[in-house]
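Input: a single structure, listed below in structure tokens.
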Amino acid sequence: MFQNNTRIYTNDNCTGCNRCIAACTVPEANIAKQENGRNKIYIDAAHCINCGKCITVCPHNARDYLDDTDEFLAALTRGEKIAALAAPAIRSNFPQWKNLLGVLRQLGCHQIYDTSFGADICTWAYIRYIQRNNATGMVSQPCPAVVNYIEKHNPAVLSALMPIHSPALCAAIYMRKVAGISGKIAFISPCIAKKDEFSDPNTRDVIQYNVTYKKLVATLQAMGKDYRNAPASEFDNVQHGLGAIYPMPGGLKQNVHALIPETWIYQVEGQPEAKHFLDDYPKTYSNAGQRPFMVDILNCAKGCNLGTGALLGEHSAMDAERYMIHAAKEVTASSKMGRIKRSKRKYLGKRLEEFDKELKLEDYQRKYTNKYIRPISVSPQQAEAAYVSLHKYSDAQRHVDCSSCGYHACEEMALAIAKGINHPENCVEYHRSVLQVQQQEMQILLEQQKAMAEQLRLSVSTIFEELQENATKTEEAASRVTGIGAEVDGMKEIAVRLNSMMDVLNEQLQEYKEMGNGIVSISSMTNLLSLNAAVEAVHAGQYGKGFAVVAEEMKTLSDQSGRSAKEIISSNEQIFPMLEEVKRMSASLDELSGSIAGSTKEILQAVEEMSLAEQRITAAASSLIRGDEISLGGGEPTPKFLARPE
């Protein structure tokens, strides 16, 4: 989404400290995102002017840039024909700069030119354009970051932007048109934004590679090459003038003053001063009487010597200026000037005349393109919604202006959130307000927890009382179940005894039955004997009458015994089924009592387990009320989560 086609990018070192936002000339060029709970700031290439300020201010080395160093060296390795063009800042960044020229030749550069000569051409072109067009108040353009800002964000200044190429392009055009150098050209410089200038259709693709000092030295070291060990070499072009001091603050101003003294050259260096000046300049530019002869403006406060791709840091500003002063003295003490014994001004003026004869002004003129990017519009409703998302409701809350988010004011942060380029979590006051809300919510939750704890304590107390009552009832139930078990055991014993008695009675009745059958048999035999006796008595006649009476009595007794025995047998036959039924009932009673006894044992076991569980629960409830650590299952104790109120 972001960082596409940009020279500068964010790497994994980003901590979201917001220093890049604070330093950026264009707020919309930085996009803050919340990733995995952390703030990370990316670059929107469309808005970025590649000034490199974010790289210099980042303490975490989270911003880096791309240049053409690798492509340049690869092309040399392939044997492509490439000439090098070195920026004037080479003198301040490389004390042994001639050895650097030597290693460039070793790598295959067939020509090496000094851009200082191009700066001389640039000064000539500036002065001649102003003189021929009476165009006072023009803004210089050696700095591509300044050009990027004007084209993208302040096109109202385009008409005041000097339509002359930079010293680098002036030198390259000279190499092509005058010196007749063919092949590609690589610009060796401390500026990462130069690539934008060289890629612009208005520069006609004169220079193909932008190679920064920092990346070049790092790559050479990776290749095992130390430029300081290479043989020293010189430039191939003619002697330069004061163009060698262009990289220092006011370098252009000094060049113009050397030719046209006492001329008002307004000098602007660094951000945000350059931005503020350009934003306000159209208002004053309309009044011709208030215009300076020229505006000398640079994006970097210490000049090009300390550009983003330079080897020097801000602490080396004095050393850089010392090298520039030395370069200026070299021009003044040149053998040619000493021989002809002319002043510096006359010599430089002569140089202008030579350029008039040798060069065509139109070859060094250029055009610009309006690349205006309209800022993201924000409605009052969107701004208000952003304030609400930040938990900023009062006027005081909306004007804390702590700048921790990278913006100067809370209003700028709210607008950034409304534009979608930042997020509330990037605001310190937002986190503070969130913490306050969370503390309030925690206090409410704490009060609710206390109330719930009290309610729980009361509920546990009630449960505890009920458990104690249930424990008593359980004990009574257990006692009753135990009694029932004993009674059932008695029933079972009675059933066993009854069954045994039924067996004995059945045996006796069987004996009675057999005895009855015996009596019936004897009765039948007696009856037969009495009949025989009666027959014999008849045969005996007078003498048999007494015997006949006895025989009749025997018959009568025999009939009575037979009838009684049959009645007994009949009664016994009726008793046997009844005995069998009683025996079956006794067996059922035995089985039922056994089942009841088993169930009773199970109930008793369950009651005992319930009693033990109630004892544990009662103990736990008692501990809970006291606020002790409790254990319900024999494992690790449950943490104490409620303290009993005093």
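The values are calculated or read from the model by the stated rules, or taken from the named source; none is laboratory data. Source: prediction; values computed, not measured. Using ideal geometry, Cβ is built from the backbone for each residue, glycine included, and neighbour counts are taken over all protein chains shown. Only protein heavy atoms, including side chains, enter the accessible area calculation; ligands, DNA and RNA are left aside. Shrake-Rupley method; radii C 1.70, N 1.55, O 1.52, S 1.80 Å.
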Extended-chain gain in nm, criterion 0.36 nm per residue less alpha-carbon gap, residue 482 and residue 395: 23.1 nm
Virtual spin-label span in nm between residue 617 and residue 374, 7 Å along Cα→Cβ: 7.4 nm
Partners for residue 360 among aspartates and glutamates (Cα-Cα distance below 17 Å; same-chain residues under 8 apart left out): 120
Set 329/367; 40/302; 194/357 screened for pairs whose C-alpha atoms are more than 32 Å apart: 329/367
The stretch 239-279, accessible area per residue, ligands and nucleic acids excluded (1.4 Å, Å²): 38 Å²
Kirkwood Rh in Å, taken over all unlike Cα pairs in the stretch 131-244: 16.5 Å
Net lengthening on full extension, residue 277/residue 525 (0.36 nm per residue, minus Cα-Cα): 73.0 nm
Extended-chain gain in nm, criterion 0.36 nm per residue less alpha-carbon gap, residue 602 and residue 463: 47.3 nm
Estimated distance in nm for a label pair at residue 221 and residue 583, the labels positioned 7 Å out from Cα along Cα-to-Cβ: 11.7 nm
Cleavage-rule hits (GluC sites (Glu not before Pro)) in the stretch 4-100: DSSP loop, at most 13 neighbouring Cβ within 10 angstrom: 80
Gyration tensor (alpha-carbon) shape descriptor, the stretch 251-297, a/c threshold 1.5: oblate
Globularity index of the stretch 1-138, i.e. its alpha-carbon radius of gyration over 2.2 N^0.38 Å: 1.42
Long pairs among 392/450; 53/195; 81/177; 98/195; 214/275, criterion Cα-Cα beyond 22 Å: 392/450; 98/195; 214/275
